Amino acid sequence: MDAVSKWLIITRAAVFSMTLTSGLIGGLLALGSGLAVNYGWLGLSVIGLVVAHAANNMINDYFDLEGGVDTDEYVRALYAPHPVLSGLLTKRQLAVAILAANAVDLAILLVLVLARGPLVTAFALAGLFISVFYVAPPISLKRRGLGEPGVFLVWGLLMIGGTFYAATGALPGWLWVASLPYAILVTTVLFGKHIDKIIPDGELGMRTLPVILGETTAKRVAQVLMVAFYPIVVGAALVAWIGPFVALVVLGIPRLVQVLRVYSQPRPDEPPPDYPVWPLWFVSAAFVHTRRAGGLLIAGLLLNALLPSLRLPWT
């Protein structure tokens with residue numbers, strides 16, 4: 001295996017698209033806000049987010065292995081190679097990689113603090129706290145039903161708001177609402193993953209929200225969250241908090257309907273032909289919907305930035 005492929009697997013780069021989307025949403029909201037945008041700080045903050053996501057994934061693997069959660073029989077090692085269990089790295093090498101990624105992010109943080117002031121540190125430290133203690137003892141947010149709220153906060157206000165602030169040096173009130181829709185979508189992906197792992201997590205005493213709620217209720221909550229994305233985005237456009245082109249997200253409703261059907265049925269006993277990530281099932285459907293809806297939101301925000309003169313008649 002070449003080095004690039006190896007590190008893409010180790011860092012679980014397949015899910016970086018969600019972080020890139022949050023960063024782009026923050027940047028495009030900045031471009032459409034009418035405020036002065038520094039493209040250098042914007043680009044640097046997005047790079048920092050992706051590196052932080054890579055560090056987060058490795059941290060999760062390290063502490064789940066250290067805590068005896070990740071084994072050859074646990075779900076994590078079945079749908080993709082585990083960095084240590086698969087022999088890609090030793091535990092020590094994984095720890096060094098985590099430190100290296102965080103060192104890169106520290107350097108980016110220092111640059112952005114010099115450019116924008118100490119508030120950048122609050123965004124970074126909050127994200128780092130959730131990243132480390134998502135699985136690490138003694139807090140272990142995932143074990144206490146707090147992993148899902150943590151992800152909601154990180155992929156919403158911290159990533160979108162932090163990128164916006166790095167780009168503009170401002171935090172307008174409407175940004176809090178504008179960060180909600182995509183944060184909700186990313187949370188549905190984690191809900192799906194934890195629904196897929198509800199039995200082994202329950203046996204290990206891992207009280208994720210789906211374990212606490214039970215599978216049926218957790219699936220309904222995930223469905224409600226997926227649906228909620230659309231009225232929040234369209235409502236924000238109607239009251240002119242963000243431009244009208246974000247209404248493009250309604251083109252994602254056909255995919256939403258398909259995914260809602262998946263969540264209304266039990267998981268199949270066997271994977272479909274050539275299905276790549278079995279035994280995961282519900283997370284895949286949520287991820288596909290999140291990718292589609294997030295892409296449409298980005299397209300709408302880009303049009304808002306390019307065509308700022310086109311507004312709704314009452315705005």
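The values are calculated or read from the model by the stated rules, or taken from the named source; none is laboratory data. Note that the coordinates shown come from a computational prediction; the quantities given were computed from them, not determined experimentally. Cβ coordinates were reconstructed from backbone atoms using ideal geometry, including for glycine residues, and neighbour counts include every protein chain displayed. The protein model used for the area step is the full one, side chains on, heavy atoms only, and it has no ligands, DNA or RNA in it. Shrake-Rupley method; radii C 1.70, N 1.55, O 1.52, S 1.80 Å.
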**Request:** Search the stretch 35-74 for residues being of a type in the set (Val, Ile, Thr) and open to solvent by less than 10 Å² (accessible area, probe 1.4 Å), and hand back the single one that is farthest from the chain's Cα centre (by Cα).
**Result:** VAL69
**Asked** When LEU280 is evaluated against the numbered criteria (1) crowded, with 18+ Cβ neighbours inside 10 Å; (2) of a type outside the set (D, E, K, R); (3) at pLDDT below 95; (4) part of a helix (DSSP H, G or I), which criterion, by number, is the only one it fails?
**Response** (4)
**Message:** Only one of ALA293, ALA285, ALA299 is surrounded by fewer than 20 Cβ atoms within 10 Å (Cβ to Cβ), among the small types (Gly, Ala, Ser), at pLDDT 90 or above and within 25 Å of the chain's Cα centre (by Cα). Can you tell me which?
**Reply:** ALA299
**Message:** One residue is enough: does the stretch 236-243 have a residue meeting the conditions open to solvent by 30 Å² or more (accessible area, probe 1.4 Å) and either small (Gly, Ala, Ser) or modelled with pLDDT of 95 or more (or both)?
**Reply:** yes
**Scope the stretch 1-40; condition more than 30 Å from LEU94 (Cα to Cα), polar (S, T, N, Q) and modelled with pLDDT under 95; matching residues** = SER33
**Item:** Residue among LEU99, LEU128, LEU109 that alone is without any contact (Cβ under 8 Å) to a residue 60 or more places away in the chain and either under 22 Å from the mean Cα position of the chain (by Cα) or open to solvent by 50 Å² or more (accessible area, probe 1.4 Å) (or both)
**Value:** LEU99
**Item:** Odd one out for ALA222 among (1) open to solvent by 40 Å² or more (accessible area, probe 1.4 Å); (2) touching a Gly at 6+ places or on another chain (Cβ under 9 Å); (3) over 30 Å from SER33 (Cα atoms); (4) not polar (S, T, N, Q)
**Value:** (1)
